[in-house]
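Working notes for the structure below.
The values are calculated or read from the model by the stated rules, or taken from the named source; none is laboratory data. Remember, predicted model here, so these are calculated numbers, not experimental data. So basically every Cβ, Gly included, is an ideal-geometry build from the backbone, and we count neighbours across all protein chains shown.
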Amino acid sequence: MHAVRSDTVEKEGPASDGPHTVGPATDGSVIAIEHVFKRFGSNVVLNDFSLAVGKEENVVVLGKSGSGKSVLIKCIIGLLRAESGQISVPGQNIPDLNHDELDRIRAKVGFLFQSNALYDSMTVRKNLEFPLRRHWIDLSQEKIDSMVTEALGNVNLAHTVDMMPEELSGGMSKRVALARTLILKPDIILYDEPTTGLDPVTAKEISTLIVDIQRKFHTASIIISHDMHCVKLVSDRVALLDGGKRYWQGKYEEMEASNDQVLKQFFE
Ligand SMILES: Nc1ncnc2c1ncn2[C@@H]1O[C@H](COP(=O)(O)OP(=O)(O)OP(=O)(O)O)[C@@H](O)[C@H]1O
Ligand SMILES: [Mg+2]
C-alpha cells in the first residue's frame, strides 16, 4: 500500500554562522521531526510522524482536512506541545523548551497563519513594526523604517505602508502577512495554506513569491497546501500525512505519476 518512501534529504555540512542563521539538526536537516505523537483526549492526531527538511528546501505537507497538518505546524512552532518525539529546529528540541526559549525560536522560525492574523486596528507599518519591537528591542526608528520599507518591497507592496488591513485585498493581506514574517529574516518559514481562498491568478503570484523568497533568503520551508498548482510550483518534495503518519514522500512528478489511490485523490 505504501508507495515510494524516499528519504532523500541531502546531507549538508554545517550551516554558516551568520547572526540569524539557524544551525542544522544533527543529521544535516534544518528541521528534523522524529516519531512525534500528539493527541487531544482520545483523538490521536500525530501517530509516530517523522519528516526532515533540508537546507533551502521547500517541503509541502499534504493531507485531508482534519488530518493534522495545522497541528503539526503548531507543534513545530511550539504553539502546541507534542507528547513525545523530537522536533529539532535550530538544533534544539522544541518540546523541551520553556516559554522564553520558544519566544527566541519564533524570531527565527517564521509562521504564516492561514488567516494572516494581521492586527485590524493597526496600519500596515505598525503591523510590520510589531515583531521588530518585540524581538529586537534596541533598533532605532530610522532602522525600523528602513526594515519596514525593505520587507514591503520584497512583496511589492511598498505603497501600502500607511493603509489599514481592511483596505487590502485577500492577496495583498497575504503578502503583507508574509512581509511581517520576513522582517525578522527567518531561516525557516512555515506556511499554513498560503493560497487558500485566493483566485487562481493571485494564488499563482503567492506561490511564485514563496519560491522567490526561498531563493533570495535561502530559507527552508514547510508549506501546507491542497492547491496542486501551488504544490507543483513550490515543492522540492511532497510529504503526505495520513493516519497520523507520513504515508508517502517524494517529488511532485512522482506523486502525479503514482497509481496509489490515496495519492491520486489529491488530483481529482
Ligand atoms: N486545540 C485543539 N483541541 C482539540 N482538538 C484539536 C485542536 N486543534 C486541532 N484539533 C483536532 O486535531 C485534528 C487535526 O486538526 P488540524 O487543524 O491539524 O487539521 P488540518 O489537517 O489542518 O485540516 P484542514 O485542512 O481542514 O485545515 C482535528 O481532529 C481537530 O479537531
Ligand atoms: Mg489546517
Give Glu83, Glu56 a once-over and let me know the one that is in contact (Cβ under 8 Å) with a residue 12 or more places away in the chain, of a type in the set (Asp, Glu) and more than 27 Å from Val231 (Cα to Cα).
-> Glu83
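Do you know which residues across segment 30-48 are touching a residue at least 40 places away in the same chain (Cβ under 8 Å), out of contact with any Cys (no Cβ under 9 Å at 6 or more places or on another chain) and not basic (Lys, Arg)?
First, pick out the residues of segment 30-48 that are touching a residue at least 40 places away in the same chain (Cβ under 8 Å): 30-39, 44-48.
Retained after the next criterion (residues that are out of contact with any Cys (no Cβ under 9 Å at 6 or more places or on another chain)): 30-32, 34-35, 37, 39, 44-45, 47-48.
Within segment 30-48, Val30, Ile31, Ala32, Glu34, His35, Phe37, Val44, Val45, Asn47, Asp48 qualify.
Say whether the condition of being over 17 Å from Asp242 (Cα atoms) and either β-branched (Val, Ile, Thr) or within 16 Å of ligand 2 (Cβ to nearest atom) (or both) is met by at least one residue in segment 30-37.
To start, the set of residues in segment 30-37 that are over 17 Å from Asp242 (Cα atoms) comprises 30-32.
Keeping just the survivors that are either β-branched (Val, Ile, Thr) or within 16 Å of ligand 2 (Cβ to nearest atom) (or both) gives 30-31.
Within segment 30-37 (the criterion being over 17 Å from Asp242 (Cα atoms) and either β-branched (Val, Ile, Thr) or within 16 Å of ligand 2 (Cβ to nearest atom) (or both)), the answer is yes, since at least one residue qualifies.
Considering only residues of segment 8-63 that are assigned to a loop (DSSP other than H, G, I, E, B), within 26 Å of Ala107 (Cβ to Cβ) and modelled with pLDDT of 65 or more, which is farthest from the chain's Cα centre (by Cα)?
Here is the first cut: in segment 8-63, the ones assigned to a loop (DSSP other than H, G, I, E, B) are 8-30, 41-42, 54-57, 63.
Of the ones still in play, those that are also within 26 Å of Ala107 (Cβ to Cβ) are 9, 12-30, 54-57.
Subsequent filtering for residues that are modelled with pLDDT of 65 or more retains 28-30, 54-57.
Working: Gly28: 19, Ser29: 15, Val30: 12, Gly54: 13, Lys55: 14, Glu56: 12, Glu57: 11 Å.
Applying the filter and picking the extreme gives Gly28.
On the basis of being part of a loop (DSSP other than H, G, I, E, B), modelled with pLDDT under 95 and loosely packed, with under 14 Cβ neighbours inside 10 Å, does Asp120 make the cut?
On the way: part of a loop (DSSP other than H, G, I, E, B): yes; modelled with pLDDT under 95: yes; loosely packed, with under 14 Cβ neighbours inside 10 Å: yes.
Answer is yes for this residue.
Have a look at Gly68, Gly91 and point out the one that is within 24 Å of Thr195 (Cα to Cα) and either at pLDDT below 95 or in contact with a Gly (Cβ under 9 Å, 6 or more places away or on another chain) (or both). Step through it out loud before you land on a result.
Working: Gly91 fails: within 24 Å of Thr195 (Cα to Cα).
Of the residues listed, the single one that is within 24 Å of Thr195 (Cα to Cα) and either at pLDDT below 95 or in contact with a Gly (Cβ under 9 Å, 6 or more places away or on another chain) (or both) is Gly68.
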Would you say Phe40 is near ligand 1 (Cβ under 9 Å from one of its atoms) and either of a type in the set (Phe, Trp, Tyr) or surrounded by 21 or more Cβ atoms within 10 Å (Cβ to Cβ) (or both)?
-> yes
All positions within segment 211-252 that are under 17 Å from Ser65 (Cβ atoms), at pLDDT below 95 and among the charged types (D, E, K, R) = Asp227
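Please tell me if Ile137 is assigned to a loop (DSSP other than H, G, I, E, B), aliphatic (A, V, I, L, M), over 17 Å from the mean Cα position of the chain (by Cα) and surrounded by fewer than 21 Cβ atoms within 10 Å (Cβ to Cβ). Talk me through it step by step, then tell me what you get.
Numbers: assigned to a loop (DSSP other than H, G, I, E, B): yes; aliphatic (A, V, I, L, M): yes; over 17 Å from the mean Cα position of the chain (by Cα): yes; surrounded by fewer than 21 Cβ atoms within 10 Å (Cβ to Cβ): yes.
Yes, satisfied.
Checking the conditions here, which among Val211, Val176, Val201, Val231 is in a helix (DSSP H, G or I) and within 16 Å of ligand 2 (Cβ to nearest atom)? Walk me through it before giving the result.
Details: Val211 fails: within 16 Å of ligand 2 (Cβ to nearest atom); Val176 fails: within 16 Å of ligand 2 (Cβ to nearest atom); Val201 fails: within 16 Å of ligand 2 (Cβ to nearest atom).
Among Val211, Val176, Val201, Val231, only Val231 is in a helix (DSSP H, G or I) and within 16 Å of ligand 2 (Cβ to nearest atom).
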Confirm whether Phe111 is within 13 Å of ligand 1 (Cβ to nearest atom) and assigned to a strand (DSSP E or B).
-> no
Filtering segment 234-252 down to residues that are in a loop (DSSP other than H, G, I, E, B) and surrounded by 19 or more Cβ atoms within 10 Å (Cβ to Cβ), which residue is farthest from the chain's Cα centre (by Cα)?
-> Gly244
Mind checking whether some residue in segment 212-219 is surrounded by fewer than 19 Cβ atoms within 10 Å (Cβ to Cβ) and more than 21 Å from Val53 (Cα to Cα)?
-> no
In segment 71-85, which residue that is surrounded by fewer than 18 Cβ atoms within 10 Å (Cβ to Cβ) and either β-branched (Val, Ile, Thr) or in contact with a Pro (Cβ under 9 Å, 6 or more places away or on another chain) (or both) is nearest to Asp192 (Cα to Cα)?
-> Arg81
